[in-house]
Amino acid sequence: MKYYNNRTLSFADSYVAEGYTIAGPKENDGIYNGMFDLALDDDMFGQNTFERAERKMFEHAIDGAIAKANLVGRDIDYFVGGDLLNQIVSTSYAARKLHSGFVGLYNACATFVESLIVGSSLLCVGAGNVVCASGSHFSTAERQYRYPLELGVLRSPVTQWTCTGVGATILTKSNDGQLLPRITRGMFGRVVDFGVMDANNMGAAMAPSACDTLVQFFRDTNSTPDDYDAIYTGDLGKLGSSILVDLMDDQGYDVVGKLHDCGASLFRDEQQTYQGGSGAGCSALVFNSYILGMLRGGSWKRVLLAGTGALMSPTTSFQGDSIPGVTHIVEVSVV
């Protein structure tokens, strides 16, 4: 691992061995229909609470990723991941079934990309295999961050739909002679707060941090948007993505045609999710299904994935605080 310029990390041996996705019914009816490893017919997943369903999704995704990589549980040195619930209980409880070291993370919807950077760093200091996972569930997040499901509150036109889904990625130190996608560089973003107060408008709150991290990454690496086949943000949604385009243009970077958002692309317009998807499962689902597929299939050679997170809670919103945002980024290449 090499640290250079401002905040950029360079990784020599962090290969993406496999990815596994489990998506809810609404998510599988969206743009990426049929691309997920497991699509649920019922978001209760055979459990008696939504929280237990989310936990079971984590357990299933982790087991699925390990099996797809032709590994067993004892081959995993570290499990790195997180979710949106208090004390990251879905991830923490799922970790009980693994015998590996557990690194629990919380950076809201930026957690998945954060886990890829942490996992790649662990490989650089001696770990052999790391599983990285992140996810969310509409019903668990809705009642923790917004309102009881039974209340039926009308949704703001700037709001997003927390996705139900978990994605797990196996990072490995050796490619065994295979041409595997590789995490080549990463950057931890800094917290940026432009004073957005509306907890429904998370895209607007996160867009400034996405701009800050992308611009700093391009400057650190002496690269431009044209050096990449695609640039994916996590869950800015449609409005947040349009704000990011304008902010990047102000900094001298044209990202039109390159910029995509996992959340904005997750659902179809007729599914009435307003600005699109949000949640810690967005980037994990899209990366481990569509993006990996494009890289492995040879359609893409180099991609940026920028995980966006709104660092707020119901308490801070009730007390009238603004919403800070953070964005972490990884470069994934097939070379």
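Is one or more of the residues making up segment 78-89 over 23 Å from Val326 (Cα atoms) and in contact with a strand residue (DSSP E or B) (Cβ under 8 Å, 6 or more places away or on another chain)?
yes
Under 6 Å between Cβ atoms, which residue pairs at least 6 apart in sequence (or on different chains) link something in segment 59-83 that is among the aromatic types (Phe, Trp, Tyr) with a partner that is in a loop (DSSP other than H, G, I, E, B)?
Close Cβ pairs satisfying both conditions: Tyr78/Ser100; Tyr78/Ala127; Phe79/Leu98; Phe79/Ser100.
Just to be sure I understand the filter: pairs with C-beta atoms under 6 Å, separated by 6 or more residues or on different chains, first member in segment 270-285 and aliphatic (A, V, I, L, M), second member crowded, with 24+ Cβ neighbours inside 10 Å and in a loop (DSSP other than H, G, I, E, B). Which pairs pass?
That search, which allows pairs on different chains as well, returns Ala280/Asp83; Ala280/Leu84.
Filter segment 64-88 down to the residues that are in a helix (DSSP H, G or I), surrounded by 18 or more Cβ atoms within 10 Å (Cβ to Cβ) and either at positive phi or touching a helix residue (DSSP H, G or I) at 6+ places or on another chain (Cβ under 9 Å) (or both) and list them by number.
Ala65, Ile66, Ile88, listed by residue number.
For the list (1) surrounded by fewer than 21 Cβ atoms within 10 Å (Cβ to Cβ); (2) in a strand (DSSP E or B); (3) in contact with an Asp or Glu (Cβ under 8 Å, 6 or more places away or on another chain), I need the number of the one condition that Val130 fails.
(1)
Going through Val125, Val118, Val103 one at a time, which residue ends up being more than 27 Å from Thr159 (Cβ to Cβ) and either in contact (Cβ under 8 Å) with a residue 40 or more places away in the chain or among the small types (Gly, Ala, Ser) (or both)?
The match here is Val125.
For residues in segment 172-204 being of a type in the set (S, T, N, Q) and in contact with a Lys or Arg (Cβ under 9 Å, 6 or more places away or on another chain), which is modelled with the lowest pLDDT?
Within segment 172-204, the match that is modelled with the lowest pLDDT is Asn175.
Could you grab me the full set of residues in segment 236-258 that are buried (at least 18 other Cβ atoms within 10 Å of the Cβ), within 22 Å of the chain's Cα centre (by Cα) and in a loop (DSSP other than H, G, I, E, B)?
Leu236, Val255, Lys258
Here are some residues: Leu149, Leu154, Leu171, Leu180. Which one is surrounded by fewer than 22 Cβ atoms within 10 Å (Cβ to Cβ) and touching a helix residue (DSSP H, G or I) at 6+ places or on another chain (Cβ under 7 Å)?
Leu149
Being within 22 Å of Asn86 (Cβ to Cβ), of a type outside the set (D, E, K, R) and either within 18 Å of the chain's Cα centre (by Cα) or not in a loop (DSSP other than H, G, I, E, B) (or both) is the filter here; which residues of segment 30-59 pass it?
Listed by number, the residues that qualify are Phe50, Ala53, Met57, Phe58.
Given the options Glu51, Glu18, name the one that is within 21 Å of Phe112 (Cα to Cα), surrounded by fewer than 21 Cβ atoms within 10 Å (Cβ to Cβ) and in contact (Cβ under 8 Å) with a residue 24 or more places away in the chain.
Glu51
The values are calculated or read from the model by the stated rules, or taken from the named source; none is laboratory data. Computed from a prediction, not measured in an experiment: that's the story for all the values here. All Cβ positions, glycine included, derive from the backbone under ideal geometry; neighbour counts span all protein chains shown.
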